[in-house]
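**Student:** Here it is: the structure, laid out below.
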Amino acid sequence: MRQRIKYIAFILFALLSVSLHAQETKKPNPEPELTASVSKNKLGVNQRLRIEFKINKHGADHFTPPNFQNFRVISGPIQSISQSYINGKASYSQSYTYIIQPRKKGEFLIPSASIQLGKKTLKSKPVKVIVLDAVEIPKDPNDPNYIAQQNIHLVAEISKSRPYVGEGVYVEYKLYVSKNISVNDFSVTESPQYNGFWNQDIKINGLRTHLGTYNGEQYRYVVLKRALLIPTKSGRLAIDPMKMDIVIGVPTGRGDFFGNPITRNITRSFASPRKFVNAKELPIEGKPESFNGAVGDFDFKVTTSRSVLKSNESARVSVEVNGIGNLKLFELPEIKTPSELEVFTPEQKERVTVGPTGIKGRITKEYTVVPEFKGKYKIPNTEFSYFNPKEKKYVTITSDDLFVDVLEGKELVTDSDKNSVAKKDVVSTGASFRYIQTKATFSPAKTVDFFKSNSYYLLLFLPLVFIPIGIVVAKRREARSNDVLGNKLRKADRLAKKYLSEAKKQLGQKEQFYIALEKALHNYLKAKLRIETSDISKEKITELLEDKKVDNDSISSFIDVFKSCDMARYSPVTVVEMNQDYEKAKQVITQIDKQL
């Protein structure tokens, strides 16, 4: 019985193997081709270039290199073969590598190489190389710092350099890494500042590796950060750099027993270049009176939930703007209603998403309207204006008039009805006419003298009571005013609470709390140093405080709070840590204010 089961299992396994092999054989094999790739498309006349010719089919022979007439061959050809079998799929490549150096400046085309495969001759495509002026090369080309500088680039890319005020700009931070080195770890040490912009980060779902071109060379890159920026003022606005520490695996030029390159880990700091956006002022010509700062492409409508109702029943009047643009940066227009309609405070609803092209969605303001009297009432049309940056002109949309018909309810009393006099018949009663009195009885009025009255004695002795109280209060006030240190502490404490009040309201909301906390620190420096802090770095703030003779411990604590604000946006933070940062900011403002 056991032998029979083993025999059946063996047959099933054999059939499964044949089936899988059949499926593999059905997969089309890649077409054989000879490809040419270079380590860089742009280089200095004193630099070297690696060019590799690779064929993906076994059996090729008789490789013929191109004519390197404008280049000097330093080494090569270095031949290598690579074979792999992963998940049932086999791959093969055979490569020929040369190290060459240009003889002069210019734009050159490296011709095709060729190789024989059976009866076919395969040729590579020509490769374009641009040779520029000589560049500075270190004494040791294998210096890890030099290799890292040449093979890693942190860049910031913006979608538009000359937007209008209120028009969205998309910024993307990318880390380009060449194939020659590896990145083992990285951390953001300083987040970019967007002074002069309304900004909103765009969520990135994981760091994915892409293939791209940087300065004409092939690189791998990851998108680290995306943000939507909307200029709130005109002029030249700076986007501060993002700063990172990156752990890099740099080749040492040696190999292990199996020929694999040995790498050395180094940590190096990188910063993206500072970018500038020249925001244009919105045109004055043709600006409508109803324009309220809306920039983009929008639709506008005013609707009512009910047009026929009874007295004391409610209807909703909705004012809606939908489209794409700076939806969160302007107020919706208000409706005008007759005085006979009672209108409650409107409720605003937002349903928007932030993406690379701007803020997209709709914003609605709903009014609750309750009529008191019977009649037909008109809600006049409402006007909404916006600036379209693509068409470079203002657009005005006017809604239709709305009518509310109240069928039942109290009649409205007009002014003519109030002023009219209703005629009434004269009614004669027994008390209509009376006889004139011929006698009168008078009694003397009672008078009370103020002298020696209760009020007299109260007012007489009341100053005697307040005089010692006033003396005590004056002495306490004088003692308090003479307490210079105590006054400074109380003043600094009040100042810290004033600037940190908004941050305290946002405790528990990580993003809003740290934005408010950082803004409070900037506002404090503006008020105390009478400077504009939007365009200065932490180093400049340190220098200014040192000029004001602030001690180094207080300056370090102040800068640490700034760094906590930056780091907290990219790491989980508890409410306890938020409270600690709040108390630390309050304490450091108090310390600095005592010294200024």
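The values are calculated or read from the model by the stated rules, or taken from the named source; none is laboratory data. The shown structure was predicted, so the numbers you read here are calculated from the model rather than taken from an experiment. As a convention, Cβ positions derive from the backbone with ideal geometry for all residues, glycine included, and neighbour counts pool all protein chains shown. Side chains are part of the model used for accessible areas, which takes the heavy atoms of the whole protein and leaves out ligands, DNA and RNA. Shrake-Rupley method; radii C 1.70, N 1.55, O 1.52, S 1.80 Å.
**Student:** May I ask you to list the residues in segment 28-64 that are in contact with a Gly (Cβ under 8 Å, 6 or more places away or on another chain) and not polar (S, T, N, Q)?
**Tutor:** K40, K42, G59, listed by residue number.
**Student:** List, please: which pairs have Cβ atoms under 9 Å, are six or more places apart or on different chains, and start with a residue in segment 243-257 that is modelled with pLDDT of 65 or more and end with one that is outside any strand (DSSP E or B) and open to solvent by 50 Å² or more (accessible area, probe 1.4 Å)?
**Tutor:** V250/N142; V250/N145; V250/N180; P251/N142; P251/N180; T252/N142
**Student:** Which residue out of I555, I471, I467 is assigned to a helix (DSSP H, G or I), open to solvent by less than 40 Å² (accessible area, probe 1.4 Å), modelled with pLDDT of 80 or more and farther than 27 Å from L237 by Cβ?
**Tutor:** Working: I471 fails: open to solvent by less than 40 Å² (accessible area, probe 1.4 Å); I467 fails: open to solvent by less than 40 Å² (accessible area, probe 1.4 Å).
Among I555, I471, I467, only I555 is assigned to a helix (DSSP H, G or I), open to solvent by less than 40 Å² (accessible area, probe 1.4 Å), modelled with pLDDT of 80 or more and farther than 27 Å from L237 by Cβ.
**Student:** For segment 78-100, does any single residue satisfy the condition of being aliphatic (A, V, I, L, M) and closer than 20 Å to K125 by Cβ? Spell out how you get there, then give the answer.
**Tutor:** Of all residues in segment 78-100, those aliphatic (A, V, I, L, M) come to 78, 81, 86, 90, 99-100.
Subsequent filtering for residues that are closer than 20 Å to K125 by Cβ retains 100.
Yes, segment 78-100 contains at least one residue that is aliphatic (A, V, I, L, M) and closer than 20 Å to K125 by Cβ.
**Student:** Within segment 158-178, which residues are within 24 Å of L207 (Cα to Cα) and of a type in the set (A, V, I, L, M)?
**Tutor:** I158, V169, V171, L175, V177
**Student:** Scan segment 63-80 for residues that are assigned to a loop (DSSP other than H, G, I, E, B) and not aromatic (F, W, Y) and jot them down. Please lay out each step first, then the result.
**Tutor:** Residues of segment 63-80 that are assigned to a loop (DSSP other than H, G, I, E, B), as a first pass: 65-70.
Within segment 63-80, P65, P66, N67, Q69, N70 meet the criteria.
**Student:** Specify the residue that is farthest from the chain's Cα centre (by Cα); the eligible residues are those in segment 291-302 that are at pLDDT 90 or above and open to solvent by 30 Å² or more (accessible area, probe 1.4 Å).
**Tutor:** Across segment 291-302, the extreme among qualifying residues is K301.
**Student:** Can you name the residue in segment 504-527 that is assigned to a helix (DSSP H, G or I) and open to solvent by 70 Å² or more (accessible area, probe 1.4 Å) and is also farthest from A568 (Cα to Cα) among such residues?
**Tutor:** Taking segment 504-527 as the starting set, the residues that turn out to be assigned to a helix (DSSP H, G or I) are 504-505, 510-527.
The next check asks that each one be open to solvent by 70 Å² or more (accessible area, probe 1.4 Å); those that pass are 504-505, 511-512, 515, 519, 526.
Values: K504: 16, K505: 18, E511: 8, Q512: 11, I515: 10, K519: 15, K526: 24 Å.
Once the filter is applied, the top-ranked residue is K526.
**Student:** Kindly indicate the residue of segment 376-394 that is over 31 Å from the mean Cα position of the chain (by Cα) and crowded, with 20+ Cβ neighbours inside 10 Å and also farthest from R306 (Cα to Cα) among those meeting that condition.
**Tutor:** My answer is T382.
**Student:** Considering only segment 145-197, state which residues are farther than 14 Å from M244 by Cα, open to solvent by 40 Å² or more (accessible area, probe 1.4 Å) and of a type in the set (D, E, K, R).
**Tutor:** E157, K160, R162, K179
**Student:** Further, regarding this structure: Restricting to segment 110-127, name every residue that is open to solvent by 20 Å² or more (accessible area, probe 1.4 Å) and either of a type in the set (V, I, T) or under 16 Å from R50 (Cβ atoms) (or both).
**Tutor:** Our first condition is that a residue be open to solvent by 20 Å² or more (accessible area, probe 1.4 Å); within segment 110-127, this holds for 111-112, 114, 116-123, 125-126.
Within segment 110-127, just T121 meets the criteria.
**Student:** Additional query: Criterion first (part of a loop (DSSP other than H, G, I, E, B) and crowded, with 18+ Cβ neighbours inside 10 Å) does E136 satisfy it?
**Tutor:** Values: part of a loop (DSSP other than H, G, I, E, B): yes; crowded, with 18+ Cβ neighbours inside 10 Å: no.
Taking the combined requirement at face value, the residue does not satisfy it.
**Student:** If you don't mind, another one. When segment 89-107 is examined, which residues are found to be closer than 25 Å to I55 by Cα and surrounded by 13 or more Cβ atoms within 10 Å (Cβ to Cβ)? Break it down into steps so the answer makes sense when it comes.
**Tutor:** Residues of segment 89-107 that are closer than 25 Å to I55 by Cα, as a first pass: 89-101.
Answer for segment 89-107, where residues must be closer than 25 Å to I55 by Cα and surrounded by 13 or more Cβ atoms within 10 Å (Cβ to Cβ): Y92, S93, Q94, S95, Y96, T97, Y98, I99, I100, Q101.
**Student:** Also, quick follow-up: Would you confirm whether any residue within segment 311-323 is more than 22 Å from T396 (Cβ to Cβ) and free of Cβ contacts under 8 Å to residues at least 40 places away in the same chain? Walk me through it before giving the result.
**Tutor:** The initial filter retains those residues of segment 311-323 that are more than 22 Å from T396 (Cβ to Cβ), namely 311-316.
Restricting the remaining residues to those that are free of Cβ contacts under 8 Å to residues at least 40 places away in the same chain gives none.
No, segment 311-323 contains no residue that is more than 22 Å from T396 (Cβ to Cβ) and free of Cβ contacts under 8 Å to residues at least 40 places away in the same chain.
**Student:** Test G323 against the criterion of being under 31 Å from the mean Cα position of the chain (by Cα), open to solvent by less than 70 Å² (accessible area, probe 1.4 Å) and at pLDDT 90 or above, and give yes or no.
**Tutor:** On the way: under 31 Å from the mean Cα position of the chain (by Cα): yes; open to solvent by less than 70 Å² (accessible area, probe 1.4 Å): yes; at pLDDT 90 or above: yes.
Yes; evaluated as a whole, the condition is true for this residue.
**Student:** What single numbered condition from (1) part of a loop (DSSP other than H, G, I, E, B); (2) over 50 Å from the mean Cα position of the chain (by Cα) fails to hold for S112?
**Tutor:** Of the numbered conditions (1) part of a loop (DSSP other than H, G, I, E, B); (2) over 50 Å from the mean Cα position of the chain (by Cα), the odd one out for S112 is (2).
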